[in-house]
Amino acid sequence: KRKGFIFDLDGVIVDTAKYHFLAWKRLANGLGIDFSEKENEQLKGVSRVRSLEKILSWGNKTLSEAEFEKLMALKNEDYLSYINKMDENELLPNVKKTLLYLKDKHQAIALGSASKNARFIIEKVNVGQLFDTIVDGTDVSKAKPDPEVFLIAAKSLKISPENCIVFEDSVAGIDAANAANMISIGIGEPDVLGRAHYIFKDFTQISEEFLNELINA
Ligand code: G6P
Ligand code: MG
């Protein structure tokens, strides 16, 4: 059977959370707001605008619209300085192997990311040719947990949502996949991703047998 396999980017294909962390931490600390890994976890899968809103609310701060825009631009500049140095070595373990396996089995493959930098990152790690379609933060109007990003991906793949499988590392992303009526596969920790249909620590734990089961289900 031809299924749709939709991959989130940040935290699934590459570990960019560490770069988002550095950039948000610098911004937050600059405003006198504490920012640790715990806060960073809550920004996974969350859009850039919503992330800054959350940070400001944690610090009880308000900004003018102009200041808000300026800080978002600065954060992204800082973030891109890390992204610029990325290459294939930053692909997470077994991700490329999984993509190649699915491609070999003639499955439809999409990227479904909240990031407006997704296409650039995909180029940097050189896997663009493995995706049939890329849907990112520039294509959607409603952020995860809204299912929009995954529904657009399914439509573009011409596969019905119930025949799509989503790989996600964020709670918002798992909720979005479930809301889209797709099979959700959490990549990360069971205590965080409890609502996923399946949970794996990373792609080294996902066997070809399991992928075959998904394809043949
Ligand atoms: C992903 C990341 C989030 C990030 C969002 C927007 O969902 O997990 O941490 O805020 O993308 O990314 P962007 O590259 O557009 O700032
Ligand atoms: Mg993610």
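Laid out as a table, the results:
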{"read-out": "Gyration tensor verdict on the stretch 115-162 (Cα atoms; rounded if a/c is under 1.5, prolate if a/b is larger than b/c, oblate otherwise)", "value": "oblate"}
{"read-out": "Relative contact order (percent, whole number), the stretch 1-156, Cα cutoff 8 Å, 6+ residue spacing", "value": "31 percent"}
{"read-out": "Nearest 10 degrees, 0 to 90: helix 65-83 Cα axis against the chain principal axis", "value": "50 degrees"}
{"read-out": "Calculated Rg and Dmax of the stretch 11-56 using C-alpha coordinates, Å", "value": "10.1, 33"}
{"read-out": "Inter-site label distance for Y82 and K1 at 7 Å from Cα along Cβ, in nm", "value": "3.9 nm"}
{"read-out": "Stokes-Einstein translational diffusion, the stretch 138-217 - Kirkwood Rh over all Cα pairs, 1.567 mPa s, 4 °C, in µm²/s", "value": "101 µm²/s"}
{"read-out": "Ordering of 183-195, 1-13 by packing [mean C-beta count within 10 Å, highest first]", "value": "1-13, 183-195"}
{"read-out": "For the chain, built as a Gaussian network whose Cα springs stay under 10 Å, the top-fluctuating residue of N94, N117, N29", "value": "N29"}
{"read-out": "Degrees, to the nearest 10: 17-30 long Cα axis against longest axis of the chain", "value": "10 degrees"}
{"read-out": "Cα-based reach from K103 at 26 Å (exclusive), listing lysines while leaving out same-chain residues under 8 positions away", "value": "K1, K3, K116, K124, K155, K158, K201"}
{"read-out": "For the stretch 193-201, 3J(HN,Hα) per residue [Karplus equation, 6.51 cos²θ - 1.76 cosθ + 1.60, θ = phi - 60°, Hz, x = Gly/Pro]", "value": "9, x, 7, 6, 5, 9, 9, 10, 5"}
{"read-out": "Rounded tilt (10° steps) of 95-104 against the dominant C-alpha axis of the chain", "value": "30 degrees"}
{"read-out": "Unit charges on C-beta of K, R, D, E only; dipole of the chain, Debye", "value": "340 debye"}
{"read-out": "Magnitude of the charge dipole, the stretch 178-217, Cβ model with Lys/Arg +1 and Asp/Glu -1, debye to 20", "value": "180 debye"}
{"read-out": "Over the chain: Rg over Rh, Cα atoms, Kirkwood Rh", "value": "0.97"}
{"read-out": "Under the Karplus curve 6.51 cos²θ - 1.76 cosθ + 1.60, θ = phi - 60°, whole-Hz ³J(HN,Hα) for the stretch 106-123, x wherever Gly or Pro sits", "value": "6, 8, 8, 10, 10, 9, x, 10, 7, 7, 7, 9, 4, 5, 5, 5, 4, 5"}
{"read-out": "Paramagnetic reach from T138 in the stretch 100-119 [backbone N under 19 Å; point 7 Å along Cα→Cβ]", "value": "110-119"}
{"read-out": "Cross-link table K38/K75; K25/K144; K18/K105; K25/K61, entries beyond 25 Å C-alpha to C-alpha", "value": "K18/K105"}
{"read-out": "Stokes-Einstein D for the stretch 88-131, Kirkwood Rh over Cα pairs, 4 °C, 1.567 mPa s (µm²/s)", "value": "116 µm²/s"}
{"read-out": "Residue-span extension gain [V49 to K116] - 0.36 nm each, minus C-alpha spacing", "value": "23.0 nm"}
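A short reminder: the numbers here are calculations on the coordinates, not readings from a lab. The structure presented is a predicted model; accordingly, all values stated were derived computationally and were not measured. Glycine gets a Cβ as well: all are built from the backbone with ideal geometry, and neighbour counts include every protein chain shown.
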